[in-house]
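The values are calculated or read from the model by the stated rules, or taken from the named source; none is laboratory data. Small disclaimer: the values here were computed from a predicted structure and weren't measured. Here the Cβ positions follow ideal geometry from the backbone for every residue, glycine too, while neighbour counts run over all protein chains shown.
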Amino acid sequence: MRRAREAAQLARVEVQWVCGDVLQTAFPARSFDLLSLQYPALPKAAGEAAMRTVLDTMRPGGLLLAVYHDLDHEHPEHMKSRGIDPADYVGADDLGRLLGNDFRVELRTVEPRLDPPPGTSHIADIILRARRS
């Protein structure tokens, strides 16, 4: 949030920032121009309804920007050894399937991380950008 606020100040744009747990915060339907999901950890157990509620917060013409870790074949096993199974969470492919006809995917790509923390094995991200029609 700090980096986003700084970027908004540099761009001289006015932004109303809202940060909250998507499973516990009641966000108004069709009220946001931008939905930014940065490395979301939404359990699949919460169900598709929870993710659809999140997507419903976007106005027509609004932009969805989602960034996920690009996990190579070794990384999920490493995470499982630490008690976390990536398969238990909504991933980029899951989100893509939930978008339906309301959204037009503008970009889905894998890009190298610009600023990975020292010592991390996570070196690339999946980026999904879609616009609500």
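Would a scan of region 103-125 turn up a residue that is out of contact with any strand residue (DSSP E or B) (no Cβ under 7 Å at 6 or more places or on another chain) and either at pLDDT 95 or above or not in a loop (DSSP other than H, G, I, E, B) (or both)? No, the conditions are met nowhere in region 103-125. Every test in (1) among the basic types (K, R); (2) under 15 Å from A130 (Cβ atoms); (3) not in a helix (DSSP H, G or I) is passed by R30 save one, and that test is (2).
Take D125 and decide whether it is out of contact with any helix residue (DSSP H, G or I) (no Cβ under 8 Å at 6 or more places or on another chain), under 19 Å from D72 (Cα atoms) and in contact (Cβ under 8 Å) with a residue 40 or more places away in the chain. Please lay out each step first, then the result.
Working: out of contact with any helix residue (DSSP H, G or I) (no Cβ under 8 Å at 6 or more places or on another chain): yes; under 19 Å from D72 (Cα atoms): yes; in contact (Cβ under 8 Å) with a residue 40 or more places away in the chain: yes.
Taking the combined requirement at face value, the residue satisfies it.
Considering only residues that are part of a loop (DSSP other than H, G, I, E, B) and either more than 15 Å from the chain's Cα centre (by Cα) or farther than 27 Å from F32 by Cα (or both), which ones fall in region 89-102? Spell out the reasoning first.
Our first condition is that a residue be part of a loop (DSSP other than H, G, I, E, B); within region 89-102, this holds for 90-91, 99.
Once the filter is applied, which keeps residues that are part of a loop (DSSP other than H, G, I, E, B) and either more than 15 Å from the chain's Cα centre (by Cα) or farther than 27 Å from F32 by Cα (or both), region 89-102 yields nothing.
Restricting region 6-25 to residues that are of a type outside the set (V, I, T) and within 18 Å of the chain's Cα centre (by Cα), the residue that is surrounded by the most Cβ atoms within 10 Å (Cβ to Cβ) is L23.
Which of the residues that make up region 102-122 are closer than 27 Å to D56 by Cα, without any contact (Cβ under 8 Å) to a residue 24 or more places away in the chain and surrounded by fewer than 14 Cβ atoms within 10 Å (Cβ to Cβ)?
L107, T109
Taking every residue in region 12-31 that is polar (S, T, N, Q) and pairing it with any residue that is surrounded by 11 or more Cβ atoms within 10 Å (Cβ to Cβ) and modelled with pLDDT of 85 or more, at least 6 positions away or on another chain, the pairs with Cβ-Cβ distances below 8 Å are S31/T57; S31/R59. A search for C-beta distances below 8 Å between a residue of region 44-68 that is on the phi > 0 side of the Ramachandran plot and any residue that is outside any loop (DSSP other than H, G, I, E, B) and of a type in the set (D, E), counting only pairs 6+ apart in sequence or on different chains, returns G61/D33. Scanning region 33-88 for residues that are among the aliphatic types (A, V, I, L, M), surrounded by fewer than 14 Cβ atoms within 10 Å (Cβ to Cβ) and part of a helix (DSSP H, G or I) yields A45, A49, A87.
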